[in-house]
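Q: Before I ask anything, let me first share the structure, which is written out below as structure tokens.
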Amino acid sequence: MQESFTAHHHFVQPFLHVGLALQANPALVAPTVNHNMNWGIFKPVEKKFNQVRKLYNNRKNKRQAIGRPQKGFGGRQGFDFYGLLRAYILAPLFRIDTNPADIHAALYANPAFLCEVAFRPKQKGRGRTASIIINPFPSYDVINDFDNIMTEFGLWEEVRRLCTIHGIEQGVIPKKIKLGIDPTPIKAASNPNNKKKRCGCKDKKRCQHRRTPTDPNAGYYNKGDMVLKSAHRPVILGELEGGVPLTSFMLKGNKQMDAATYQDILAMYKQDPSLNGLKVYGVYADGEFSTEENKALTKEQLKTRLITPINPRRRKEISVEAKGIKHINKYGVPVCEQNHKFTYRGRDYLRDAYIWSSPREEKGGNLCWVCPSPCTSSKGGRLFRVSRDDVPWVDWSLPEFSYRFKLEMALRTEMERIISRLKYLCGMKGLTKRGKKKAQSFVTRAIIVAQVVGIVAHKLKGRYVLRRIRTFPLPIAA
């Protein structure tokens, strides 16, 4: 639904036509996205929203009893769906956190934001005293109720699905993708030490019911240098070549192992109707997902391979009775008596073994030439073969030590940039609500923002422009 109620873009337009880069100026990026996005694709969600809003308001006003008459008139004229939707989607482009309080404050304090949101004019009063209000200000309750309705009835996910389908039709998301999977923490709006009783007892201080956490889905997150006392842990799925996030699934804090949740992630991916038409050419993930069961499951359900680095876990080193060889480490790499790792050279198909040559220094020199206790007289240095059966965790078809695997695995780093854009440019920070469902909707909104920006970027420039979310080089389309 292409609407233009405001004069704001008429003031911005002359500056865009001179060919200047938009860079990171919100006054230019937001109008570009707003006036080049076809908001009409969300028409089915608008119909559902208008239906469930009546149910929500009746329940909120405690008038859901059958046959109970409503008092007075039918209520004041509500704010339109598209204005409230634009408020949440355009807020990150104005560097506004996507929580109701910040959006409400920005609508009052930022005229440019209010003009781009463009609420439909409202009629105030009845009869001769009626007047028309241009760009009306919604209250905090209106903005908060919109988010609650969209979350409770799963409408944010419906918006994301329509956006994904539209992106596939427009070519923003290719039909043949390389799928990336990566979990990331987002700070929860609760402390795990804060607990309360959820019983209906009048005297909760003396009742015997146990206290439970205010946000059961949040948990401790500890990975490397990052330690969060309370965090949600969504798993982000993205298309790696174009850098477009596709969808997300919510895990519980850091209490679930990634390898154990992989089956559920694949099941939820297969159940998503907006992603059924995509052909997956490789699933790229961290080493935490690396198990034989997960690789077999990927091949069975998606007809492709799971590409992950080797995860040593609790594997022990393999002792070898060979001259000059100390052991084979947890990754499957032979180590010499001087504690130098051998260099991978290839595969021996006749012997079903991996070929390793002498260790190398940083500049490429052969360390066997300067070894104080050489184990070979060959000028080329030590050569050693590791049987395929001795290291069954290594993928024979694509060994994790090979140059080809390193090229493939380099694509997985795009997931880090996708998550970075979601957090710092698309509003996936500043969570103020509790519960798994609300946290999931919070992440889904950020994915919607990224996909909307990708659709507009594709319309103006071409594929892969989402990676330059802050610099659309072309002006607003006429």
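Q: Please indicate, with yes or no, whether at least one residue in the range 269-278 is open to solvent by 20 Å² or more (accessible area, probe 1.4 Å), assigned to a helix (DSSP H, G or I) and among the hydrophobic types (A, V, I, L, M, F, W, C).
A: The answer is no, given that none of the residues of the range 269-278 is open to solvent by 20 Å² or more (accessible area, probe 1.4 Å), assigned to a helix (DSSP H, G or I) and among the hydrophobic types (A, V, I, L, M, F, W, C).
Q: Sort out which residues of the range 132-161 are under 30 Å from A260 (Cα atoms) and either hydroxyl-bearing (S, T, Y) or not in a loop (DSSP other than H, G, I, E, B) (or both), and write them in order of number.
A: From the range 132-161, those under 30 Å from A260 (Cα atoms) are 151-161; that's our starting set.
Within the range 132-161, T151, E152, L155, W156, E157, E158, V159, R160, R161 meet the criteria.
Q: Among the candidates K178, K205, which residue alone is surrounded by fewer than 16 Cβ atoms within 10 Å (Cβ to Cβ) and either assigned to a loop (DSSP other than H, G, I, E, B) or modelled with pLDDT of 75 or more (or both)?
A: Values: K178 fails: surrounded by fewer than 16 Cβ atoms within 10 Å (Cβ to Cβ).
Just a single option satisfies the conditions, and that option is K205.
Q: Output the residue which, of all residues in the range 415-440 that are open to solvent by less than 10 Å² (accessible area, probe 1.4 Å) and assigned to a helix (DSSP H, G or I), is farthest from G167 (Cα to Cα).
A: Looking at the filtered set, the residue picked out is A439.
Q: Which of the residues that make up the range 438-462 are at pLDDT 85 or above and in contact with a Pro (Cβ under 8 Å, 6 or more places away or on another chain)? Working first, answer last.
A: Of the range 438-462, the ones at pLDDT 85 or above are 438-456.
If the condition is that a residue be at pLDDT 85 or above and in contact with a Pro (Cβ under 8 Å, 6 or more places away or on another chain), then A439, Q440, V443, A446, I447, V449, A450, Q451 are the ones that fit.
Q: Name the residue that is nearest to R404 (Cα to Cα), counting only residues in the range 339-380 that are open to solvent by less than 30 Å² (accessible area, probe 1.4 Å) and not in a strand (DSSP E or B).
A: Of everything passing the filter in the range 339-380, F342 is nearest to R404 (Cα to Cα).
Okay, residues lined up against (1) touching a strand residue (DSSP E or B) at 6+ places or on another chain (Cβ under 6 Å); (2) β-branched (V, I, T); (3) outside any helix (DSSP H, G or I):
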residue	(1), (2), (3)
T247	yes, yes, yes
A259	no, no, no
Y262	no, no, no
V280	yes, yes, yes
V283	yes, yes, yes
K303	no, no, yes
P309	no, no, yes
P312	no, no, yes
K316	no, no, yes
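Q: Looking at the range 385-404, is at least one residue farther than 26 Å from S319 by Cβ, touching a Leu at 6+ places or on another chain (Cβ under 7 Å) and surrounded by fewer than 17 Cβ atoms within 10 Å (Cβ to Cβ)? Can you show your working first?
A: The initial filter retains those residues of the range 385-404 that are farther than 26 Å from S319 by Cβ, namely 397-398, 403-404.
Checking which are touching a Leu at 6+ places or on another chain (Cβ under 7 Å) leaves us with 404.
Filter again for surrounded by fewer than 17 Cβ atoms within 10 Å (Cβ to Cβ), leaving 404.
Yes, that holds for at least one residue.
Q: State yes or no: is K330 basic (K, R), touching a Pro at 6+ places or on another chain (Cβ under 7 Å) and either outside any strand (DSSP E or B) or open to solvent by less than 50 Å² (accessible area, probe 1.4 Å) (or both)? Steps first, answer last, please.
A: Numbers: basic (K, R): yes; touching a Pro at 6+ places or on another chain (Cβ under 7 Å): yes; either outside any strand (DSSP E or B) or open to solvent by less than 50 Å² (accessible area, probe 1.4 Å) (or both): yes.
It is true that K330 is basic (K, R), touching a Pro at 6+ places or on another chain (Cβ under 7 Å) and either outside any strand (DSSP E or B) or open to solvent by less than 50 Å² (accessible area, probe 1.4 Å) (or both).
Q: Can I ask one more? Among what's in the range 101-148 and is of a type in the set (A, V, I, L, M) and in contact with a Lys or Arg (Cβ under 8 Å, 6 or more places away or on another chain), pick the residue that is modelled with the highest pLDDT. Lay out the reasoning, then the answer.
A: First, pick out the residues of the range 101-148 that are of a type in the set (A, V, I, L, M): 101, 103, 105-107, 109, 112, 114, 117-118, 130, 132-134, 142-143.
With the extra rule that they be in contact with a Lys or Arg (Cβ under 8 Å, 6 or more places away or on another chain), the set shrinks to 117-118, 130, 132-133.
Values: V117: 90, A118: 86, A130: 59, I132: 68, I133: 68.
This residue is V117.
Q: Within the range 288-310, track down each residue that is among the basic types (K, R) and either crowded, with 21+ Cβ neighbours inside 10 Å or touching an Asp or Glu at 6+ places or on another chain (Cβ under 9 Å) (or both). Working first, answer last.
A: Initially, the range 288-310 is screened for residues among the basic types (K, R), giving 295, 299, 303, 305.
Listed by number, the residues that qualify are K295, R305.
Q: Now a separate question. Any residue that is in contact with a helix residue (DSSP H, G or I) (Cβ under 6 Å, 6 or more places away or on another chain) and assigned to a strand (DSSP E or B) - is there at least one of those in the range 181-201? Can you show your working first?
A: Let us first name the residues in the range 181-201 that are in contact with a helix residue (DSSP H, G or I) (Cβ under 6 Å, 6 or more places away or on another chain), namely 182, 184.
Applying the additional criterion that residues be assigned to a strand (DSSP E or B) yields 182.
Checking the range 181-201: at least one residue is in contact with a helix residue (DSSP H, G or I) (Cβ under 6 Å, 6 or more places away or on another chain) and assigned to a strand (DSSP E or B).
Q: How many of the residues making up the range 245-293 are in contact with a helix residue (DSSP H, G or I) (Cβ under 8 Å, 6 or more places away or on another chain), among the β-branched types (V, I, T) and modelled with pLDDT under 90?
A: Residues that pass the stated criteria total 1.
Q: Could you check how many residues of the range 368-411 are under 18 Å from S290 (Cβ atoms) and among the hydroxyl-bearing types (S, T, Y)?
A: Going through the range 368-411 one residue at a time, the tally reaches 2.
The values are calculated or read from the model by the stated rules, or taken from the named source; none is laboratory data. Source: prediction; values computed, not measured. No Cβ is skipped: glycine too gets one built from the backbone with ideal geometry, and neighbour counts run over all protein chains shown. Protein only, heavy atoms only, side chains kept; ligands, DNA and RNA dropped before computing areas. Shrake-Rupley method; radii C 1.70, N 1.55, O 1.52, S 1.80 Å.
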